[in-house]
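J.: Mind having a look at this structure? Questions to follow.
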Amino acid sequence: MAELQEVQITEEKPLLPGQTPEVAKEAELAARILLDQGQTHSVETPYGSITFTVYGTPKPKRPAILTYHDVGLNDKSCFQPLFQFADMQEIIQNFVRVHVDAPGMEEGAPVFPLGYQYPSLDQLADMIPCILQYLNFSTIIGVGVGAGAYVLSRYALTHPDTVEGLVLINIDPNAKGWMDWAAHKLTGLTSSIPEMILGHLFSQEELSGNSELIQKYRNIITHAPNLENIELYWNSYNNRRDLNFERGSDITLKCPVMLVVECNSKLDPTQTSFLKMADSGGQPQLTQPGKLTEAFKYFLQGMGYMASSCMTRLSRSRTASLTSAASLDGNRSRSRTLSQSSESGPLPSGPPGHTMEVSC
């Protein structure tokens, strides 16, 4: 009788007791769906607890996209229209996302007790390492609006090795001067906190037009159950320090930056893409998600990611228009400036350090 040999078989992913392969596959699919819907976490920091929501799974050798919202908003009201936009789906499939809520701004947040000392914007920036350590993420691409753009910039100045790129929308890097303070105090005598915050978020033209979008966000802020918390974040923003950006000095952002609308003059032009968006208003991620998505995709390509990405619908329509125009005028020059309007075809990919102008 032949001698039997014992063979050890080890499963790469052992099943739970009584679990069939079909059940294991269903569990894995359910876990993936849960990740796509977002998992909310809270972590303690030296300046209090902070809440954030993670979407997707980490991709090897790719940074996380980390967002930080403006005053009066939270991660959903600030970024949901942008990240739910159809052409954005290609981007979010390639990156894990972390949407940070400033303390007390998350949905269902309790009102802070009277006398609570809200963190400064510098301290909010110092909370970000605790988030990355908790998630075991080494680098990020930051996307910030207003106060959130300031927070991410401050973080990038103190932790440059962990920031691969920044998208800064309507950042004001300067502290309030005496004239600003006087105007702010006078406005506070005649306007409510919600109206002052709306004046920060949107242009006067938008507010005068009182569109459906303005009515929606006026209602969100005015009836916010955590309005006292929002006021604390607002006060921290108005007490911000000057970032002291200077071209050619050590105090500047070292990573590629896509600037939307403001603050072009103080940043290193070799590292900065400046995006002008006509008729975008104060919150282009809400009013022009398509154009912002297009610019963001080219920005990522310039950083070396998504090289084989297909063009957005907006780019395809522009390219079609350009092709039609070229067929009518065969002698037209094919050269393109780095600053382009809607008649000039798709935005160029390539290294940062140029102006990208998108017009309606």
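The values are calculated or read from the model by the stated rules, or taken from the named source; none is laboratory data. What you see is a predicted model, and the numbers here were worked out from it, not measured in a lab. All Cβ positions, even for glycine, are placed from backbone atoms using ideal geometry, and neighbour counts span all protein chains on display. SASA here: full protein model, heavy atoms, side chains in, ligands and nucleic acids out. Shrake-Rupley method; radii C 1.70, N 1.55, O 1.52, S 1.80 Å.
J.: In region 151-174, what residues are within 18 Å of L198 (Cα to Cα) and open to solvent by less than 10 Å² (accessible area, probe 1.4 Å)?
T.: Matches in region 151-174: I169, I171.
J.: Restricting the first residue to region 147-175 and requiring it to be under 18 Å from S120 (Cα atoms) and modelled with pLDDT under 95, which pairs with a second residue that is open to solvent by less than 10 Å² (accessible area, probe 1.4 Å) and small (G, A, S) meet a Cβ separation below 6 Å and a spacing of at least six or different chains?
T.: Note: pairs meeting the criteria are I171/A149.
J.: Sticking with this one: Tell me, please, whether a residue that is of a type outside the set (S, T, Y), at pLDDT 70 or above and surrounded by fewer than 12 Cβ atoms within 10 Å (Cβ to Cβ) can be found in region 184-193.
T.: no
J.: Moving to a separate point now. Would you be able to tell me the number of residues in region 281-305 that are of a type in the set (G, A, S) and in contact with a helix residue (DSSP H, G or I) (Cβ under 7 Å, 6 or more places away or on another chain)?
T.: So the count comes out to 3.
J.: In this structure, is L132 more than 14 Å from K254 (Cα to Cα), part of a helix (DSSP H, G or I) and modelled with pLDDT of 95 or more?
T.: yes
J.: Can you report the number of residues in region 87-132 which are surrounded by 19 or more Cβ atoms within 10 Å (Cβ to Cβ) and aromatic (F, W, Y)?
T.: Matching residues across region 87-132 total 2.
J.: Something else about it: Could you list, in sequence order, all residues of region 288-302 that are assigned to a helix (DSSP H, G or I) and either open to solvent by less than 20 Å² (accessible area, probe 1.4 Å) or within 13 Å of Q84 (Cα to Cα) (or both)?
T.: P289, G290, L292, T293, E294, A295, F296, K297, F299, L300 - these are the residues of region 288-302 that are assigned to a helix (DSSP H, G or I) and either open to solvent by less than 20 Å² (accessible area, probe 1.4 Å) or within 13 Å of Q84 (Cα to Cα) (or both).
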